[in-house]
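Engineer: Quick one: the structure is below, and I'll ask about it shortly.
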Amino acid sequence: MSLLDAAREVRERAYVPYSKFKVGAAIRGASGTVYRGCNVENVAYPEGTCAEAGAISAMVAAGETVLTEVAVIADSPSPVPPCGGCRQKLAEFGAGDVPVLLATTDGAEMHTTIGDLLPGRFDAGHMART
Ligand code: THU
């Protein structure tokens with residue numbers, strides 16, 4: 001199964017009673033294993049979590065900390081870009097050249113990279129003097 005199909009499949013399990021906007025994300029760990037996540041909302045709105053965050057949690061819980069590929073899908077007019085927080089989360093575990101596929105359920109695709117999504121990223125090097 002492709003990474004995008006894995007994201008498409010897990011999207012169906014999104015818990016979105018408030019926004020009704022289902023998002024699915026799949027990431028490939030350096031081992032080749034695919035991890036999936038969907039958005040999980042909460043009646044206390046800020047407590048909701050994004051699909052990308054769920055996939056990253058699954059990867060880390062499985063013992064991996066390097067990702068090599070990302071796919072995100074939603075039913076939107078154009079491919080949904082990860083939110084700012086998720087860009088930083090992806091950058092924590094993926095190099096700048098890691099490919100990111102953003103897709104709609106209608107079949108539109110946008111190909112980008114973690115580096116293009118988060119130019120000028122804050123990383124550990126910025127804390128070199130501490
Ligand atoms: N959402 C994601 O899960 N990932 C994104 O990349 C964009 C937004 C979710 C959060 C919330 O549950 C819903 O989409 C509407 O913002």
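Engineer: Within segment 36-51, take every residue that is more than 6 Å from the ligand (Cβ to nearest atom) and either touching a residue at least 60 places away in the same chain (Cβ under 8 Å) or not in a loop (DSSP other than H, G, I, E, B) (or both) and give me the one that is surrounded by the most Cβ atoms within 10 Å (Cβ to Cβ).
Structural biologist: In this case the residue turns out to be Gly37.
Engineer: Also, I was wondering about something else. If Thr104 meets every condition in (1) within 11 Å of the ligand (Cβ to nearest atom); (2) without any contact (Cβ under 8 Å) to a residue 60 or more places away in the chain; (3) surrounded by 14 or more Cβ atoms within 10 Å (Cβ to Cβ); (4) not aliphatic (A, V, I, L, M) apart from one, which number is that one?
Structural biologist: (1)
Engineer: While we're on this one: Is at least one residue of segment 76-89 of a type outside the set (Val, Ile, Thr), over 20 Å from Asp5 (Cβ atoms) and modelled with pLDDT under 95?
Structural biologist: Looking for residues that are of a type outside the set (Val, Ile, Thr), over 20 Å from Asp5 (Cβ atoms) and modelled with pLDDT under 95, one finds at least one in segment 76-89, hence yes.
Engineer: Residue under question is Val70, and the condition is that it be in contact (Cβ under 8 Å) with a residue 12 or more places away in the chain and away from the ligand (no atom under 13 Å from the Cβ); does it hold?
Structural biologist: no
Engineer: Considering Ser76, Ser57, Ser31, which residue is in contact (Cβ under 8 Å) with a residue 12 or more places away in the chain, under 26 Å from Ala124 (Cα atoms) and surrounded by 14 or more Cβ atoms within 10 Å (Cβ to Cβ)?
Structural biologist: Answer to the selection: Ser57.
Engineer: Collect the residues in segment 52-67 that are within 15 Å of the ligand (Cβ to nearest atom) and either touching a helix residue (DSSP H, G or I) at 6+ places or on another chain (Cβ under 7 Å) or aromatic (Phe, Trp, Tyr) (or both), keeping them in residue-number order.
Structural biologist: Answer for segment 52-67, where residues must be within 15 Å of the ligand (Cβ to nearest atom) and either touching a helix residue (DSSP H, G or I) at 6+ places or on another chain (Cβ under 7 Å) or aromatic (Phe, Trp, Tyr) (or both): Glu52, Ala53, Ile56.
The values are calculated or read from the model by the stated rules, or taken from the named source; none is laboratory data. Values in this document were obtained by computation on a predicted structure and should not be read as measured data. Note that we place each Cβ from the backbone using ideal geometry, even for glycine, and neighbour counts take in every protein chain shown.
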